[in-house]
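Working notes for the structure below.
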Amino acid sequence: MKGGINSSNGGGHPAGGGHPAGGGHPAGGGHPAGGGHPAGGGHPAGGGHPAGGGHPGELPEQVATRLVGQTWPGHVFDRAPRNVYWETTLACDLACRHCRADAQPDADPRELTTEEGRALLRSVKELGSMVVLTGGDPMKRPDLFELIEYARGLRVPVAVTPSTTPMLERGQVLRMRELGVSALGVSIDAPDAASHDGFRQVPGTFDCSMNALAWAREAGIAVQVNTTVTTETMPRLEELFRLLADEQSPPVRRWSLFLLVPVGRGLELGVPSAEQVEELFAWVYEISRDAPFHVSTVEAPHYRRYWIQRRLEEGSTADEVNALGRRMGFGFRDGNGIVFVSHTGDVYPAGFLPHPLLGNVRGQPLEDIYRRSPALIELRDADRLEGACGECEYRYVCGGSRARGYSMTGSVLGPDPFCILAS
């Protein structure tokens, strides 16, 4: 099997302009194409991360987990997240229609200083996690390369999700490679300039994305392409898949489909129905069999439920499915394996989930917040989920999108309306 499907929640957001609640984009650790996945439509992995470095969804040994649940057990990340998303700045020159953060042209004077950023990176080192530098547009932060160099000096894996504007230049991509950046996140929401630029609301953005792919190919940096899934973008996903598969692999090593979380500007976009999402899962399952890159779903942990059901239909046993649980990231979701740090240092469970406020890295080290926050401890307990998610037999491997549960039901533990079992 050449490609693979994985399902992540919370990790990573469409690059290139404004990002959910802080955060960010393709989560760290990315995954090289052709990572040898089980046959049968790929697999739900742990988190839609930029390609490059490690097996899709595979959890590094230093990130310890404990297994919970009986029939379909999932992993609980008590000690450290798989990925830390740092919204380095809110500044961005795009005005994307899905943007949660309502990104702005200029930097917020309250954003973390260089030294505060260094302290945060030392915390990431202590956790043993990967850092994903997001925004806004991280290219608008003057000390970006200084911070990347510092992180790499600590041997912290780094992924970057720049906005695809004229600020991103060939030399900067080559410099990222020299410093050891493992992956870039590039957003493409449609197969042509007119549609993509309309979604991003800035002419020329599609061409800038194509340039970024060409420079990444030259530099040898793996790329995760991020696509926001709304009722407007869904009809052309097949065309976009063909563009990426036929013309852009390499450098594309992962294609992440971000299911809309209706927050910020995204409140004005078309929300797919649970039935449409199920049809999307079926399509993704099939194309992933022969895709030249990994295909992932983000803020859609219920793809794991779909994947398990399909594997069982095709003859796999429960033991065979569960044997892949760690490799597939079962349990990985908002606040469990993911944490987000805003440009001002506020800490939240994930980029699309700006609630509850867990603390601020200016007053408390990130490792303490992640390990001791009562709200995070509660969020990691699938038995505390409400409604259909709390009653679901797949709650330990899935748990639903906590961000969507919060945005659409008002409860961080509420059911995910995008799942047919909860709709």
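The values are calculated or read from the model by the stated rules, or taken from the named source; none is laboratory data. The structure displayed is predicted, hence computed values, not measured ones. Here the Cβ positions follow ideal geometry from the backbone for every residue, glycine too, while neighbour counts run over all protein chains shown. Side chains included, ligands, DNA and RNA excluded: accessible areas come from the protein's heavy atoms. Shrake-Rupley method; radii C 1.70, N 1.55, O 1.52, S 1.80 Å.
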Original post:
Applying 1/(1 + (r/R0)^6) with R0 = 30 Å to the Cβ-Cβ distance of Ser273 and Val68, what FRET efficiency is obtained, to the nearest 0.05?
Top reply: 0.45
Subject >> Residues Phe145 and Glu115, FRET efficiency given R0 of 22 Å [Cβ-Cβ distance, rounded to 0.05] >> reply: 0.85
Original post:
If you add up the charges near Thr165, with Lys and Arg at +1 and Asp and Glu at -1, over every other residue whose beta carbon is less than 13 angstrom from its beta carbon, what do you get?
Top reply: -3
Original post:
When the Kirkwood hydrodynamic radius is evaluated over all pairs of different C-alpha atoms of region 305-423, what value in angstrom, to one decimal, is obtained?
Top reply: 15.2
**OP:** Give the dimensionless ratio obtained when the Cα radius of gyration of region 74-198 is divided by 2.2 N^0.38 Å.
**Re:** 1.11
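Give me the percent of the accessible area of region 339-423 that comes from carbon and sulfur atoms, probe 1.4 Å, all protein chains in place.
Percent of accessible area from carbon and sulfur atoms in region 339-423: 48.
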**OP:** Extending each Cα 7 Å along its Cβ direction at Asp106 and Arg170, get the distance between those two points in nm, one decimal.
**Re:** 3.4
Original post:
Which three extents, in whole angstrom, do the alpha-carbon atoms of region 137-268 cover along their principal axes, largest first?
Top reply: 44, 34, 24
